[in-house]
Amino acid sequence: MTEVKSPEVPAPPAAVPDELTPGHARWHGLRPYLPLLALVVAVILPYSTVNLPGVFEGPLNSPGTLQLLAICLVFGGLAAGYDLLFGRTGMLSFGHALFFAVGVYGTAILVTKVGLPLWQAALFTVVGGTILAALLGAVALRTVGIAFAMVTLAFAQVGAILVARNFGGLTGGEEGLTLDVSGLPSALVGVANTVNLYWLALAYLALVVFVVHRVSMSPTGRVLAGLRDDERRIGVLGLDPYRFKLVAFTLAGGLASAGGVVYSLLVGASPHVTSSELTLSLLVMVVLGGPGTRWGPVLGGILYMYLDHRLTAFGSSDAVNSLPAFLSHPLSQPLFVLGTVFILAVYFFPGGLASLRTRLHPLLTTLSRRP
Amino acid sequence: MLATRGLTWRIGEVAIVDSVYLDLAPGEFLGVIGPNGAGKTSLFNLITGLRRPTDGRVLLDGEDVTELPTHKRARLGLGRTFQASSVFGSLTVRENVRLAVQAHRGGSMKLWRRAAADREVAAAADAALDRVGLHHRGTALAGTLAHGEKRKLEIALLLAGEPRVMLLDEPMAGVSAEDVPELVSVIKSLTGDSGRSVLMVEHHMDVILELADRIAVMHHGALLACDTPDTVMANATVQEAYLGESL
Amino acid sequence: MSVEPILSVENLSVRIAGLHILQGVSFDVAPTGVTVLLGRNGVGKTTTLRAIVGLTPRNGEVRGTIRMGAQSLLARPTHRLVRGGLGYVPEDRCVFAGLTVAENLRLAERRGTTPAYDKVFALFPELDRRGRQRAGSLSGGQQQMLAIGRVLLNDNRLLLVDEPTKGLAPKVVTEVAEVLERVAESVPVLLVEQNLAVVRRLAKDAVVLSAGRVAWTGNAQDLLLETALTKSLLGVGSGEVPASARSESGLRAPQSRAKDGAA
Amino acid sequence: MNTVILLTLTGLGLAALYFLVASGLSLVFGLADVLNFAHGLFLGVGAYATWWAAGNLPGAGPDGFGFVLAVAFGVLAGTVVAVLVELVLIRPLYSRTIEQVLVTVGLSLAGVALLQATWGADARPFDRPAWTREVTSILGAKVSNALLLLIIAAVLVLGGLLAFLRFTRYGLVIRAGVENREMVTALGIDVRKAFTLVFAIGGAAAALAGALGGVYFGTVSPGQGGSLLIFAFIVVVIGGMGSVVGSAYAAVVVGLLQQFVNYYGTTGLGDLCVVGLLAVVLLLRPQGLAGKVATA
C-alpha cells in the first residue's frame, strides 16, 4: 500500500458545535433565552447615556462609541460567517476578506461612481459577491489542504491588486472611496444618525448568527460537520464533498459581502479591507473566540476589533507614554498586542474564549471548595 | 452484482493490484485473504473509486462504473468500511448514523430545515443503531467510543445506506477477542435476509470460514484462487504460497 | 534462560488514537541469535518494534518498561537510542528514493566512529557497484539490502528488523534470509517475519503476540514442530503446517499463479 | 529590443527577490511542514537591521566595505530572529501543523507591528552605495546596478544552497528529511537540528532579500515583506514545496511573466496573470511542478 503524501492542512481543532453535544442540564432552561436577552440589551443600548471611562471615550450613545460598537458588530458577524468555513467545515481559507472587500467597494462604487440608489447597490453587491464566491470556490475547491489555503490567499491578493491599481479611477487607489452621501437615504447620513448604522450593524450580526446557526442545524450542516471530520467517509456515504464545500464557501462569501455593504456605509472604502492582514485577522478572531462554536467567533470578532481600535488610544494614553520607550512603542501598536495575545492563546487556550467556561469550571470548583 | 475485469493498479513498475478478475453474485459472501501487502485494501480502494486503476474495469450490475467518483458509486449501492475506523469523531453516535441515513435518502442539500425535525431519518438511524447494539450510546461523541464500539458504529453507518454490495475491510482488526463473536453475529445478521452481497477482507481464518461462501486468496496483488472454503483450504498452491509463507 | 537478556520488555502498553494496540506485553530478547516476533496481521508486532525504538506517533501513548542492559529506553528520543546501538530496519524498507545509494549509506555514518564499509560491501557487493544510482530505482530486494546495509555500517548492540522479506520475490527472500543469518552471527536480532520458512531457518527464540498480548514464548523450532500450537497461535488455517516450512531448503514459493481462479 | 532586455533583467531581478524569500519558505515547508507566514518578518528584520547598521554600527556604513558589513549584520539579524522563532515558538508545537501555522500568522502580525512601533509606519530612505544608483549598459539597455547586484546575489545563493544540499552532511540530512523525516531519526540523526538549520538558512536568505531589496527600492518599510511573501508563496507552490531548484525555476517564470505582462498589458495585469498561473498549475498538478511526493 503506498500513500501519496501531499501537503495537507489537518482539520482545525474540531470544536463541537454546542447544538450537537449533550446539553448542560442546569443551563438548559435559561440558555435559549440568553441570546435574545443579549439582543434586546444591544438594541436598547443607544438609549443609555452611561459613561464607561477607559472602556469608551464618550457615553454609550455618543456617535463615536456607537460607530466603534457598530464596527465591532460587523466584524463579529464577519467572523461568524468565516467560521462556517473554518470551524464548521474545516476549510482553511485565506481569501475570505476578498468577499468582504467586494461588499465594501461594490457598494461604494455603485453608489458613488454609478449613482445607483443604496438598496439597488446593496442588492447588486451582495448578489455579485455571492456569484464571485461561487466562481472562485468552484476553482479553489478543486484543491485541498495547503494548496486550497494558497489559492484563496492568491485570489485575495488579486483583490488587493485591483484596488491598488485603481483601474479606471474606480477604487480611488490608496485614498479609497468615501460614499457619496447624496445617493443615500437621509436616515443613514450624518453623525446624528450613527445610531441607525449601529442598528443596521446589529441586524447584520443577528442575521449572520441566525443563518449560520440555522444552516449548521440543517441536514446540510450535518454534512459539513462530517466533512470536517472525514471527507473521504462523506464520499463513501454517497455525498459529493465538493458540492457541499462549494455551498458553504458561496454562502459564507455572500454573508461576507453583505457585511461589506454595512461597513461601507459605516466607514467608507479603504484599501485596508483588501489586505492580507485582514484575512489573517479573521482567522485570529475565530481562533481567539473558539472555532465551531456559536458565540465564540462572534465574541472573537467583537473583541478583536474593539482592541484594535481601543489599543491605539490606550497606546497614546499617559499611562503607556510614561513607560520606557521599548515598552510604550510596541504597546501602542494594536496588532503587536493582538498578535502576541493570539500566539499565547494558541499555546494556552486552544479552544478559544468559548472554551473558557469549561476550562474555568474545575478551577472555580476547586476555589469554592476551599474553606 | 459486482465484478472486476482485469483490475490493475501500478505504482511505477510495481503492480499493487495485478489483473484481478472477481465476480460477486447477489447474496454471496466472499472472503478475501492474503498476507500483508497483498493488495487487498488497494483492491477495495479501486472498487470504491478512492483510487483510479491503471487498467481494467469495475462493473456494478453489469454497468461500467470505473470512471464514476466515489459518491456516485455509493449511490448505486456500494458501501464500505475502512480498515482503520473512520467515524465522524466530533459528532454524537446518533448524529453519525443520521448523517448516513440522510445521505442515503437524499435531501442533504437542505440549508433551511431543522435536521433534527426529520422523524423518518431519526427512526431509520435508531433502527440501524439497534441492529448493531449501540442504541444506549446514542448521545456519546463518536470520537470517545471504545474501539469495538467504533467498529459497530461503522457497520451502522454502512447499514444506514442500505447498500446492495458491502465491502468490509478487516472489520475485526483491533477488536479484542471477547468482542469478536458479537461482531461476527452482527455481520451475519446483515447478510442473511437481504440478498446483499459482501466482500470482506479478514485475517481471522475462523471468522472467514464461518461467514464466507467462497474465499479469494490474494498474493502479490494477484488473485491466486477463488473457490469454496474447502477447496481453497485443500488447494496445494494456496497452502504453499499463502499459508506456508504467511501467518 | 540464565543468560542476561540484551533487551527486556515489561508490561508494554501502547495506545494510538484511543486504540489499545498493546496491552501489557512482556518478553526478553536473548543476547545472541535471532528472536522472532510472530503473530497474525494486526496484533501489534510493528507497533512493538516502533515503541522500542521510540517511534510511536504523537497521538500515541506508551507505558511499561523497556530496558537494554541497565538502561531504560522509554522516553528517550529515537536518534539517541539508535546512536546507543539500536539498529532499526523498518517495514517497507524506507530508503530515501531521491538520494543515491552512496548517499543513503553516507547518511547512516556517525561522527566519531569509522563506518564499516568493507563489511557492508562484503555482504552486499551490489551496493558498492551501484553507489551512484538513485535508491528509488533499485529493485525491492536491492532496496532491502540497502536498508540493512545502512544499519550495518555502525556497531549495533541489537538489531530490530521488521518484515524484511515482505513483498519480495522468492529468490530474493532466500538471499535476504542468508544475509540475516550471517548478520545474526555477530549481533542479536529481534525480527518480525511472516514467512514461516524464513523463521524456520533463522529463529532461535520466538515470541508470539495475539490481540495485543504475549500468547507464547519459547524455542522457535519447537513452536514450528507443534502443528496444533502453531495453528492455534498463529492462525495458520486448517490443514497442517505446509511442507515448505519444515524442509531446510524450503524457501520456495509458488511457481505459477492461478489468476483466473474467479472467472 | 532594448525594452525586451530591460524587461528581462528587471523580471529576473524580481525573480531574484522572490527566489531569496521562496527558497527558505520551500525548505522549511518541505522539511518541517511549517507554512511560515512569519517569513516576511525575517525579510523586514534584514532590511531594517541593514539600514540601522549602515547608520549606527561602528565600522559599517552606506558605502564600500562598511556596506558589506551592514548587509552582513542585517543577514545575521535575520538569521538570529529565524532561529529564535524556530526554537522558542515552533519547536514546542512540533508536528502540530495547524497550530504552527496559527503561531506564524500571529507572529507575522505582531512582528510587523513591532517594526512599525520601533521605526514608524512610513518608508525610510535607505542609505546605499553610490554605485548601486548608477546604471550599466547591457546590450544597449541601461540597467540599474542594484538590480544586477540582486540577480548576482540570488544566483550565488542558489549555487551555494545547491552545493550545500549536495555536498555537505547537513545538506544530505535535509534532502533525506524532506523525503522521510522519521527515517532520518531512525538512522540516529537529530532531525530537529536540521529544522533549526533550515530556519536559519531561510532567515538568512530572506534577510538578504530585505537588505538588497532595500538597496534596489531605495527605501525600507515595515510592510515590505508582506506583499513579497504572497508572491513568494505562489512561487513555492508552483515550484513544489521542498524543492530549491523548483523555486528557482518558478521564481524566474513568475518574475518574467509579471514584468512583461505589466509592461505590454496594463499595470497590474501581470500580477493577475501570476495568480492565474497558480490556479492553472494547482488544477493540473496539485503538488506543484516538483511536488513533494513520498515514495514507498
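Values computed for the structure shown
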read-out: Given (1) free of Cβ contacts under 8 Å to residues at least 40 places away in the same chain; (2) more than 21 Å from D:ALA82 (Cβ to Cβ); (3) among the aliphatic types (A, V, I, L, M), number of the condition D:VAL173 does not satisfy; value: (2)
read-out: Test for D:ALA163: is it crowded, with 18+ Cβ neighbours inside 10 Å and under 20 Å from the mean Cα position of the chain (by Cα); value: no
read-out: The lone exception for A:VAL320 - which of (1) touching a residue at least 24 places away in the same chain (Cβ under 8 Å); (2) more than 9 Å from every other protein chain (Cβ to nearest Cβ); (3) open to solvent by less than 30 Å² (accessible area, probe 1.4 Å) it fails; value: (1)
read-out: The range A:159-172, subset open to solvent by 30 Å² or more (accessible area, probe 1.4 Å) and under 21 Å from D:VAL254 (Cβ atoms), residue nearest to the other protein chains (Cβ to nearest Cβ); value: A:ARG165
read-out: Strands (runs of 3 or more DSSP E) fully within the range B:3-64 counting 2 or more residues that are crowded, with 23+ Cβ neighbours inside 10 Å; value: B:14-24, B:29-33
read-out: The one condition in (1) assigned to a helix (DSSP H, G or I); (2) closer than 27 Å to A:PHE249 by Cβ that A:PRO46 fails to fulfil; value: (2)
read-out: Criterion (over 18 Å from the mean Cα position of the chain (by Cα) and at pLDDT 90 or above) met by exactly one of B:ARG98, B:ARG75; value: B:ARG98
read-out: The range C:172-189 - residue that is over 22 Å from C:ASP28 (Cβ atoms) and touching a residue at least 24 places away in the same chain (Cβ under 8 Å) and, of those, surrounded by the most Cβ atoms within 10 Å (Cβ to Cβ); value: C:VAL173
read-out: Residues within the range D:100-124 that are open to solvent by 30 Å² or more (accessible area, probe 1.4 Å) and facing another protein chain (nearest Cβ under 9 Å), tallied; value: 4
read-out: Checklist (1) open to solvent by less than 10 Å² (accessible area, probe 1.4 Å); (2) not in a helix (DSSP H, G or I) applied to D:SER95, failing item; value: (1)
read-out: Candidates A:GLY292, A:GLY300 - the one that is assigned to a helix (DSSP H, G or I), of a type outside the set (Ser, Thr, Tyr) and touching a residue at least 60 places away in the same chain (Cβ under 8 Å); value: A:GLY300
read-out: Within the range C:110-129, tally of residues that are part of a loop (DSSP other than H, G, I, E, B) and crowded, with 19+ Cβ neighbours inside 10 Å; value: 1
read-out: Whichever residue in the range B:67-94 is without any contact (Cβ under 8 Å) to a residue 12 or more places away in the chain and facing chain A (nearest Cβ under 7 Å) and, among such residues, is surrounded by the fewest Cβ atoms within 10 Å (Cβ to Cβ); value: B:ARG75
read-out: Among (1) at the interface with chain B (Cβ under 8 Å from one of its Cβ atoms); (2) free of Cβ contacts under 8 Å to residues at least 40 places away in the same chain; (3) not aromatic (Phe, Trp, Tyr), the one test that A:ARG228 misses; value: (2)
read-out: Meets criteria (without any contact (Cβ under 8 Å) to a residue 40 or more places away in the chain, closer than 20 Å to C:ASN156 by Cα and facing chain D (nearest Cβ under 7 Å)) for C:VAL82; value: yes
read-out: Checklist (1) outside any helix (DSSP H, G or I); (2) modelled with pLDDT under 85; (3) small (Gly, Ala, Ser) applied to B:ALA216, failing item; value: (2)
read-out: The listed residue being at pLDDT below 90, under 20 Å from the mean Cα position of the chain (by Cα) and within 27 Å of A:GLY351 (Cα to Cα), out of A:ALA149, A:ALA97; value: A:ALA149
read-out: Residue list for the range C:85-97, restricted to those being more than 8 Å from chain D (Cβ to nearest Cβ), open to solvent by 20 Å² or more (accessible area, probe 1.4 Å) and under 15 Å from C:GLY149 (Cβ atoms); value: C:ARG93
read-out: Search result, residues across the range D:173-210 that are over 18 Å from D:LEU35 (Cα atoms), more than 14 Å from chain C (Cβ to nearest Cβ) and open to solvent by 10 Å² or more (accessible area, probe 1.4 Å); value: D:LEU208
read-out: Residue in the range C:71-78 that is more than 10 Å from every other protein chain (Cβ to nearest Cβ), open to solvent by 20 Å² or more (accessible area, probe 1.4 Å), among the hydroxyl-bearing types (Ser, Thr, Tyr) and assigned to a strand (DSSP E or B) present; value: yes
read-out: Residues located in the range A:49-75, provided they are of a type outside the set (A, V, I, L, M, F, W, C), free of Cβ contacts under 8 Å to residues at least 12 places away in the same chain and part of a loop (DSSP other than H, G, I, E, B); value: A:GLY54, A:GLY58, A:SER62
read-out: Selected residue (only one of C:GLY112, C:GLY149, C:GLY167 is at positive phi and under 21 Å from the mean Cα position of the chain (by Cα)); value: C:GLY167
read-out: Output for the range B:132-165, where each listed residue is open to solvent by 40 Å² or more (accessible area, probe 1.4 Å), under 24 Å from B:HIS71 (Cβ atoms) and assigned to a helix (DSSP H, G or I); value: B:GLY143
read-out: Residue in the range D:219-234 that is more than 29 Å from D:THR3 (Cα to Cα), open to solvent by less than 10 Å² (accessible area, probe 1.4 Å) and among the hydrophobic types (A, V, I, L, M, F, W, C) present; value: no
read-out: Qualifying residues in the range B:168-212 (those that are assigned to a loop (DSSP other than H, G, I, E, B) and surrounded by fewer than 16 Cβ atoms within 10 Å (Cβ to Cβ)) - the one modelled with the highest pLDDT; value: B:GLY195
read-out: Within the range C:130-145, tally of residues that are within 12 Å of another protein chain (Cβ to nearest Cβ) and open to solvent by less than 10 Å² (accessible area, probe 1.4 Å); value: 1
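The values are calculated or read from the model by the stated rules, or taken from the named source; none is laboratory data. What you are looking at is a predicted structure, and each value in this text was computed from that prediction instead of being measured. Quick reminder, even Gly has a Cβ in these numbers, built from the backbone with ideal geometry, and neighbours come from all protein chains shown. We work out accessible area using only protein heavy atoms, side chains counted, and drop any ligands, DNA or RNA first. Shrake-Rupley method; radii C 1.70, N 1.55, O 1.52, S 1.80 Å.
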